[in-house]
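For reference, the structure is listed below as structure tokens.
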Amino acid sequence: MANTLPPYVAPEIMDVLYTQDQIAERVRAIGKQISEEYKGQSIVLIGVLKGAAIFLADLARAITLDNTFDFVAVSSYGRARVSSGAVKLIKDIDNPIEGKHVIIVEDILDTGLTLNYLRDLMLAHKPASLKIATCLDKAERRLVPIHADYVCFEIPDRFVIGYGMDYAERYRGVQDIRIMPEDPPGH
Ligand code: PRP
């Protein structure tokens, strides 16, 4: 099969939207807020693979409550920059959430189609409560009415990578959040 990957663009030449320090400060604040709001209770964090993995890892360590993790996977944008609109479950939760306090953890809330689908899916399991935490919120792109309860940053409609977010599966390990150029050099 031909290699159709676009050429690699060094993240160092991309503009930084949020630094590691700025992200860490917001994650700490949200972790503290969640710890206060759910004081004395146990919570289940459900990460949406793969983008949310890094945010979930940091958020879980900022929460000072009894908590467990689970993960779901849904159909991805693949290499395209825009959503196909169709959402399909690829991996369901492993453990029952009935009667539990659940927070779905996302890296980015864009059109809202993914979370709209996941919210309905999780509500069908009858959790005691269901909230949404997202690192980034592109509110202006929303196609369905859904809002996150915990948001690190609301951002404009730019394609971002890093802190779990990819372009063609690359850059998830970049520590800060950077803006992918429209026409990467070498294209
Ligand atoms: C991203 C992100 C959300 C979804 C948000 O996932 O992690 O799940 O898109 O977009 P929406 O609000 O328009 O539905 P992506 O498909 O890029 O997969 P990934 O998490 O594996 O990177």
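Here are a few things to note about the model shown:
- Any chance Leu45 is of a type outside the set (Gly, Ala, Ser), at pLDDT 95 or above and either assigned to a strand (DSSP E or B) or more than 9 Å from the ligand (Cβ to nearest atom) (or both): yes
- Top-ranked residue in segment 22-42 [being in contact (Cβ under 8 Å) with a residue 40 or more places away in the chain and outside any helix (DSSP H, G or I); ranked as surrounded by the fewest Cβ atoms within 10 Å (Cβ to Cβ)]: Ser42
- Condition check for Thr64: in contact with a helix residue (DSSP H, G or I) (Cβ under 9 Å, 6 or more places away or on another chain), part of a loop (DSSP other than H, G, I, E, B) and under 23 Å from Pro156 (Cα atoms): no
- Test result for Phe159, more than 20 Å from Phe71 (Cα to Cα) and touching a Leu at 6+ places or on another chain (Cβ under 7 Å): no
- Selection count where residues are more than 10 Å from the ligand (Cβ to nearest atom), touching a Phe, Trp or Tyr at 6+ places or on another chain (Cβ under 9 Å) and not β-branched (Val, Ile, Thr), scope segment 99-115: 1
- Gly51, sole failed condition from (1) part of a loop (DSSP other than H, G, I, E, B); (2) out of contact with any strand residue (DSSP E or B) (no Cβ under 8 Å at 6 or more places or on another chain); (3) not hydroxyl-bearing (Ser, Thr, Tyr): (2)
- Single unsatisfied condition, Thr19 versus (1) surrounded by 15 or more Cβ atoms within 10 Å (Cβ to Cβ); (2) farther than 20 Å from Ala139 by Cα: (1)
- Residue in segment 116-129 that is at positive phi, away from the ligand (no atom under 15 Å from the Cβ) and without any contact (Cβ under 8 Å) to a residue 40 or more places away in the chain present: yes
- When Tyr77, Tyr18 are checked against the criterion of being farther than 21 Å from Ser129 by Cα, modelled with pLDDT under 95 and out of contact with any His (no Cβ under 6 Å at 6 or more places or on another chain), a single residue qualifies: Tyr77.
- Count of segment 149-167 residues, restricted to those that are within 11 Å of the ligand (Cβ to nearest atom), assigned to a loop (DSSP other than H, G, I, E, B) and surrounded by 15 or more Cβ atoms within 10 Å (Cβ to Cβ), is 2.
- For segment 110-148, the set of residues classified as exposed (fewer than 15 other Cβ atoms within 10 Å of the Cβ) and part of a strand (DSSP E or B) consists of Ser129 only.
The values are calculated or read from the model by the stated rules, or taken from the named source; none is laboratory data. Fair warning: this is a prediction, and the values are worked out from it, not measured in the lab. All Cβ positions, glycine included, derive from the backbone under ideal geometry; neighbour counts span all protein chains shown.
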